[in-house]
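The structure appears below as structure tokens.
The values are calculated or read from the model by the stated rules, or taken from the named source; none is laboratory data. The structure presented is a predicted model; accordingly, all values stated were derived computationally and were not measured. So basically every Cβ, Gly included, is an ideal-geometry build from the backbone, and we count neighbours across all protein chains shown. Remember, those area values only see protein heavy atoms, side chains included, never the ligands or the DNA or RNA. Shrake-Rupley method; radii C 1.70, N 1.55, O 1.52, S 1.80 Å.
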Amino acid sequence: MSIAIATDFSTRSNRALRQAGLLAQSRDAQLHIIHVVDEDQPADLIRMEQREATRVLVEQIASMPELSGVRCNPVVATGHAFDGILRAAESMGPELIVMGQHRKQVLLDMFVGTTIERVVRGGRYPVLMVNNEAQRTYQRVVVPVDMSEASANAIRVALATGLMREDAATILHAFSPMGKSRMISAGAHPTTIDEYVRSENERALAELTEFLVSSDFGSKRWSLRAVEGSPMEVINSAVLQTRPDLLVMGTNNRSGLSRALIGSVTEEALRSLKVDILAVPPAGH
């Protein structure tokens with residue numbers, strides 16, 4: 001197994017590097033540590049920054065306890081951050097890319113997307129965004145699903161990489177009782193409305209169980225939750241209530257202006273939630 005970690009030597013990147021080191025230690029994985037030097041500057045300055053980046057990488061490998069015993073490969077690439085990361089990853093074929101939480105640049109993030117989002121969109125690799133302090137294993141994992149193949153693939157990857165154990169994971173699904181608003185408008189009694197919502201919740205749980213069985217996860221010991229609300233409302237509430245160590249989320253294939261302006265639920269989570277997130281692209285992407 002091999003893991004790639006993208007670093008810009010910031011505090012948040014160093015936190016992600018420590019997490020990547022612990023993951024590599026526990027899996028006997030090779031760790032490719034990538035730093036990208038901006039190529040839009042004079043050649044002499046590029047060479048100087050490359051030498052300095054190489055020096056810092058070598059020092060980090062020697063001094064960081066989480067990298068002890070790990071087979072580290074320092075890589076200094078050139079280009080724009082997301083492009084350099086993806087080009088370096090293409091030559092390595094990692095099972096996972098690890099990145100630190102991004103800097104907030106509101107207008108740029110809105111129209112172009114963060115570096116993490118652009119790596120998720122443009123590549124075919126699962127990306128682990130690290131927000132919290134490094135931990136050897138994730139003890140509380142929440143997996144929001146929409147019962148699509150993308151969600152099933154996210155579960156497969158989380159299990160295959162060892163980032164998730166079935167006995168430590170909650171499968172979460174947001175549902176909307178379609179008839180509720182009409183019942184309220186018609187003046188239905190609150191008890192009747194509550195009974196309807198309960199029946200819709202039971203139906204959503206049954207569909208969730210069927211989804212897991214059809215995806216060959218039926219024998220796993222999951223904790224299942226179906227919660228009324230929009231996807232981000234439900235995910236936000238689950239994060240606040242259960243304080244998970246990790247969210248596991250699938251991504252879709254949307255591209256272009258609509259995606260840049262609106263974004264997917266996964267991208268909104270990457271931008272707004274203070275929790276580690278594994279974002280998994282569709283299989284064969």
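Descriptive notes on the structure:
- Residue in segment 4-17 that is over 23 Å from G93 (Cα atoms) and open to solvent by less than 30 Å² (accessible area, probe 1.4 Å) present: yes
- Scanning segment 170-183 for residues that are farther than 13 Å from M249 by Cβ, surrounded by 15 or more Cβ atoms within 10 Å (Cβ to Cβ) and among the aliphatic types (A, V, I, L, M) yields a single hit, M183.
Residue by residue, here is whether (1) modelled with pLDDT under 90; (2) aromatic (F, W, Y); (3) surrounded by 14 or more Cβ atoms within 10 Å (Cβ to Cβ); (4) within 27 Å of K274 (Cα to Cα) holds:
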| site | (1), (2), (3), (4) |
| --- | --- |
| T54 | no, no, yes, no |
| F82 | yes, yes, yes, yes |
| I85 | no, no, yes, yes |
| A88 | no, no, yes, no |
| M99 | no, no, yes, yes |
| F111 | yes, yes, no, yes |
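- Qualifying residue in segment 152-159 (condition: β-branched (V, I, T), open to solvent by less than 30 Å² (accessible area, probe 1.4 Å) and over 20 Å from A283 (Cβ atoms)): no
- When the residues of segment 184-228 are filtered to those that are among the hydrophobic types (A, V, I, L, M, F, W, C) and over 13 Å from V145 (Cβ atoms), the one that is surrounded by the fewest Cβ atoms within 10 Å (Cβ to Cβ) is A186.
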